[in-house]
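Structure, as structure tokens:
The values are calculated or read from the model by the stated rules, or taken from the named source; none is laboratory data. This is a predicted model, so every value here is computed, not measured. Note that we place each Cβ from the backbone using ideal geometry, even for glycine, and neighbour counts take in every protein chain shown. Ligands, DNA and RNA are excluded from the accessible area calculation, which covers all protein heavy atoms including side chains. Shrake-Rupley method; radii C 1.70, N 1.55, O 1.52, S 1.80 Å.
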Amino acid sequence: MSYTFTVRVFHGVLFPSSRDLNLLAAANPGEIWLIGNEPDVLWQDNTSPASYVTAYNTAYHAIKAGDPTARVAI
């Protein structure tokens, strides 16, 4: 079994924060990161496309700054 890190994007806000993502990525090199959990679904992340794009960009750069070998997915 393998683990995939999931970053929640609730109303465009990242959980964990970008600072924490940076630290977590540095501590877990080479891992896969999913940004958002069904961001368009009301009872999941409930995030508009515009907010998701901004949050994804922030998360992607925070993760890659912590670990350039990280694999970031949607």
In the range 16-30, is there at least one residue being open to solvent by 90 Å² or more (accessible area, probe 1.4 Å), of a type outside the set (A, V, I, L, M, F, W, C) and at pLDDT 95 or above? yes
Per the filter on the range 34-74, residues over 11 Å from PHE10 (Cβ atoms), at pLDDT below 95, touching a Gly at 6+ places or on another chain (Cβ under 9 Å) and not in a helix (DSSP H, G or I) are SER48, ILE74
Of the residues in the range 4-27, those that are within 15 Å of ALA73 (Cβ to Cβ) and either free of Cβ contacts under 8 Å to residues at least 40 places away in the same chain or not aliphatic (A, V, I, L, M) (or both) come to THR4, PHE5, THR6, ARG8
Condition set more than 9 Å from the chain's Cα centre (by Cα) and among the aliphatic types (A, V, I, L, M), scope the range 31-61, selection most open to solvent (accessible area, probe 1.4 Å): answer is LEU42
Counted residues in the range 13-30 being more than 11 Å from the chain's Cα centre (by Cα) and of a type in the set (Gly, Ala, Ser) come to 3
Of those in the range 62-74 that are charged (D, E, K, R) and surrounded by fewer than 18 Cβ atoms within 10 Å (Cβ to Cβ), the residue nearest to SER17 (Cα to Cα) is LYS64
Flagged in the range 29-51 as within 18 Å of ARG71 (Cα to Cα) and touching a residue at least 40 places away in the same chain (Cβ under 8 Å), in numbering order, are PRO29, GLY30, GLU31, ILE32, TRP33, LEU34
